[in-house]
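Below is one structure, written out as structure tokens, with a few remarks after it.
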Amino acid sequence: MRAAFRVDASRAIGTGHVGRCLTLAAALRDAGGDALFLCRAHDGHLNAKIEEAGFPVLSLPKRNDTDDDLAHSHWLGATQADDAKASIAALAGHRIDWLVVDHYGLDARWESALRRHAHRILAIDDLADRSHDCDLLLDQNFFLDAASRYDGLLPDHCRPLLGPRYAVLRRGLR
């Protein structure tokens, strides 16, 4: 099984998204699968750290134009349409079983554009502030209203994985 991770790190975004994706990628590798990463080289990126962990990074071109309708659009460094086109081009020739999206600047529009380039899509989110077109949604945080937080934001076929029992933990912390 092969997964592609669409995730970024930067001075504004921080490093946690890449950290949890590296944890998932390492678990996949331990189970006999492999992974690659799609990342933009923002100031403060962790692309070298990802490569040091043994995963290839497909670098997306740096741009400055963004969509304005999502709260974190400026973190993407491109419009969702341009990011989707660049991601599709980068994935050409790669067979992807799972596309893992861990980015507050991406929503159902991007996921829909990438849907035919991966068998399944996993969205990692903890804001519940945008729609998704995914097969699985992971929100590992504790919320009293967890069951209803994503009402109207997920397709009917999506299986939500909600709460701390789905926490992504490094091997030494499990």
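Observations
- Total residues in the range 4-56, condition part of a strand (DSSP E or B) and farther than 15 Å from residue 103 by Cβ: 3
- Figure legend. Inter-residue proximity from the range 45-61: first residues farther than 17 Å from residue 78 by Cβ, second residues of a type outside the set (Val, Ile, Thr) and part of a loop (DSSP other than H, G, I, E, B), beta-carbon distance below 6 Å, spacing 6+ or different chains. Indicated pairs: 46/9.
- Cross-chain or 6+ apart pairs with Cβ under 9 Å, the range 85-97 first and among the hydroxyl-bearing types (Ser, Thr, Tyr), then part of a helix (DSSP H, G or I): 87/110; 87/113; 87/114; 87/117
- When 126, 102, 83, 107 are checked against the criterion of being under 25 Å from residue 42 (Cα atoms), under 13 Å from the mean Cα position of the chain (by Cα), surrounded by fewer than 18 Cβ atoms within 10 Å (Cβ to Cβ) and of a type in the set (D, E, K, R), 126 stands alone in meeting it.
- When the criteria are applied in full, residue 133 meets the requirement of being assigned to a loop (DSSP other than H, G, I, E, B), crowded, with 19+ Cβ neighbours inside 10 Å and touching a residue at least 12 places away in the same chain (Cβ under 8 Å).
- Residue 57 being out of contact with any Lys or Arg (no Cβ under 8 Å at 6 or more places or on another chain), over 22 Å from residue 107 (Cβ atoms) and either of a type in the set (Phe, Trp, Tyr) or at pLDDT 85 or above (or both): yes
- Scanning the range 5-15 for residues that are touching an Asp or Glu at 6+ places or on another chain (Cβ under 9 Å) and not charged (D, E, K, R), we see that the one that is surrounded by the most Cβ atoms within 10 Å (Cβ to Cβ) is 5.
- Test: residue 143 is surrounded by 13 or more Cβ atoms within 10 Å (Cβ to Cβ), touching a strand residue (DSSP E or B) at 6+ places or on another chain (Cβ under 7 Å) and in a loop (DSSP other than H, G, I, E, B): no
- Members of the range 129-174 found to be hydroxyl-bearing (Ser, Thr, Tyr), modelled with pLDDT of 95 or more and over 16 Å from the mean Cα position of the chain (by Cα), listed by number: 150
- Looking at 127, 106, 99, just one residue is under 20 Å from residue 21 (Cα atoms), of a type outside the set (Lys, Arg) and not in a loop (DSSP other than H, G, I, E, B), and that residue is 99.
- Some residue of the range 111-121 being without any contact (Cβ under 8 Å) to a residue 40 or more places away in the chain, part of a loop (DSSP other than H, G, I, E, B) and of a type in the set (Asp, Glu): no
- Considering only residues in the range 146-160 that are surrounded by 14 or more Cβ atoms within 10 Å (Cβ to Cβ) and among the aliphatic types (A, V, I, L, M), the one that is nearest to residue 72 (Cα to Cα) turns out to be 153.
The values are calculated or read from the model by the stated rules, or taken from the named source; none is laboratory data. This structure is a prediction, so every number in the text was calculated from the model and none was measured. Ideal geometry is used to build each Cβ from the backbone, glycine not excepted, and the neighbour counts take in all protein chains shown.
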